[in-house]
Amino acid sequence: MTGHWLEPHPHGLYVRPADLWIDPARPVDRAVVTHGHADHARSGHGAVFATPETLAIMALRYGVDAEASHNAAFAYGEGFERGGVRFSFHPAGHVLGSAQIAMEHGGERVVVTGDYKRRHDPTCAPFEVVPCDIFITEATFGLPVFRHPATGDEIAKLIAAVRAEPDRSVLVGAYALGKAQRVIAELRAAGWDAPIYIHGALERMCALYRDHGIDLGDLRLVADTARDAMAGQIVVAPPSALGDRWSRRLPDPVTAMASGWMRVRQRARARMVELPLIISDHADWDELTATIAEVNPRESWITHGSEDGLLRWCELHQRKARALHLVGRDQEEGEA
């Protein structure tokens, strides 16, 4: 039984034979980290095992020494063995460097998805289906109401909004790691080649993405730009900046937000968002259920979101499943 060697705890998954944790919510001696968002990564671990991109993100965000000898970086398809458990890293399609963790022990394979999505994203490697016996899946949008529209359609809405009111700017709230860079890259793919103006809080992460080969085009800081020059232009900032005094330096901005949660109209209204953009870095309901069917595990363990909804789907489809109820797994609205 997997429970004998992989133990779900409220603060993370403990791999007993290897004496290490996956995405622990508190400091531990050894941590395997799926990606750089704060509900999965943190400072204070004795040793971190992750992709090179995730270690670079953790160095930037949390002060982790990516070059320290006790930390180890593994490219996709690579891994290590500890305590008789073979670990390997596989693309999750969530953000730059995000990885699923596959573990093999005693003739059994377990895959931990971390956060993942199935949509194309020009800023990260696409999700890879890894067959397994136990599939530990996120369920951020694990309810049937969450069906994300085509990303291209949402980007087209954004561009149309800019062109409809050329005397105003459009201010897009987008999480600093992953979402902001994806929105920018999707705009470039759609043919938007004008400068894109960014909040200073995004500058270093955008530079990190560029260092890893992601072309974001001409980015300019709002702080270095005259107000009138941003009329008819797109501005990207962290969601916290939407209602901040900082936004007053923009020419009558149309407020937008890029998030899967923008499917819920009450959330958009509560944030006073004029232009909700349903752009998510997580799998929607159809993608979650289709992925379970495609992986076809003996059992699914569900965490990180609407666990009960996905658990019920598994029960209705005669698939063995359980909810893990891990703590510290709430996303910021813009991150989703």
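The values are calculated or read from the model by the stated rules, or taken from the named source; none is laboratory data. Quantities reported herein were computed from a predicted structural model and do not represent experimental measurements. Every residue, glycine as well, gets a Cβ built from its backbone with ideal geometry; the counts of neighbours run over all protein chains shown. Heads up: the accessible areas ignore ligands, DNA and RNA and are worked out on the full protein's heavy atoms, side chains in. Shrake-Rupley method; radii C 1.70, N 1.55, O 1.52, S 1.80 Å.
Structural remarks
- Looking across the range 15-55, the residues that are in contact with a Ser or Thr (Cβ under 9 Å, 6 or more places away or on another chain), in a loop (DSSP other than H, G, I, E, B) and surrounded by 14 or more Cβ atoms within 10 Å (Cβ to Cβ) come down to D23, V33, T34, H35, G36, H37, H40, A41, T51.
- Test: residue in the range 215-233 that is among the β-branched types (V, I, T), open to solvent by less than 40 Å² (accessible area, probe 1.4 Å) and within 22 Å of the chain's Cα centre (by Cα): no
- Leading residue by the ranking (most open to solvent (accessible area, probe 1.4 Å)) among those in the range 79-105 that are without any contact (Cβ under 8 Å) to a residue 60 or more places away in the chain and either more than 20 Å from H40 (Cβ to Cβ) or hydrophobic (A, V, I, L, M, F, W, C) (or both): E81
- Some residue of the range 57-65 being within 16 Å of L177 (Cα to Cα), acidic (D, E) and either open to solvent by 30 Å² or more (accessible area, probe 1.4 Å) or modelled with pLDDT of 95 or more (or both): no
- Selection from the range 307-322 of residues that are assigned to a helix (DSSP H, G or I) and aliphatic (A, V, I, L, M): L310, L311, L316
- Flag for Y197 being among the hydroxyl-bearing types (S, T, Y), in contact with an Asp or Glu (Cβ under 8 Å, 6 or more places away or on another chain) and at pLDDT 95 or above: no
- Top-ranked residue in the range 248-306 [being open to solvent by 30 Å² or more (accessible area, probe 1.4 Å), among the hydrophobic types (A, V, I, L, M, F, W, C) and not in a helix (DSSP H, G or I); ranked as nearest to Q233 (Cα to Cα)]: M272
- Considering the range 234-247, and only residues there that are open to solvent by 30 Å² or more (accessible area, probe 1.4 Å) and part of a loop (DSSP other than H, G, I, E, B), the residue that is modelled with the highest pLDDT turns out to be D244.
- Filter result (surrounded by 21 or more Cβ atoms within 10 Å (Cβ to Cβ) and either touching a Ser or Thr at 6+ places or on another chain (Cβ under 8 Å) or farther than 18 Å from V273 by Cβ (or both)) within the range 177-186: L177, G178, K179, Q181, R182, I184, E186
- Within the range 8-56, tally of residues that are in contact with a Lys or Arg (Cβ under 6 Å, 6 or more places away or on another chain) and within 15 Å of T303 (Cβ to Cβ): 2
- Considering the conditions (1) over 18 Å from I278 (Cα atoms); (2) more than 21 Å from the chain's Cα centre (by Cα); (3) of a type in the set (A, V, I, L, M), A241 is excluded by exactly one of them, (2).
- Residue within the range 200-207 that is within 21 Å of H94 (Cα to Cα), open to solvent by 20 Å² or more (accessible area, probe 1.4 Å), in contact (Cβ under 8 Å) with a residue 24 or more places away in the chain and of a type in the set (D, E, K, R) present: yes
- Filter result for S69 (among the polar types (S, T, N, Q) and assigned to a strand (DSSP E or B)): no
- G12 meets all of the listed conditions (1) open to solvent by less than 10 Å² (accessible area, probe 1.4 Å); (2) out of contact with any Leu (no Cβ under 6 Å at 6 or more places or on another chain); (3) within 24 Å of L208 (Cβ to Cβ) but one, namely (3).
- Any strands (runs of 3 or more DSSP E) falling wholly within the range 95-182 and containing at least 1 residues that are over 20 Å from L288 (Cβ atoms) and β-branched (V, I, T): 170-173
- Note on the range 39-78: residues that are without any contact (Cβ under 8 Å) to a residue 60 or more places away in the chain and within 19 Å of F135 (Cα to Cα) amount to 2.
- Test: A92 is closer than 18 Å to T303 by Cβ, under 22 Å from the mean Cα position of the chain (by Cα) and among the aliphatic types (A, V, I, L, M): yes
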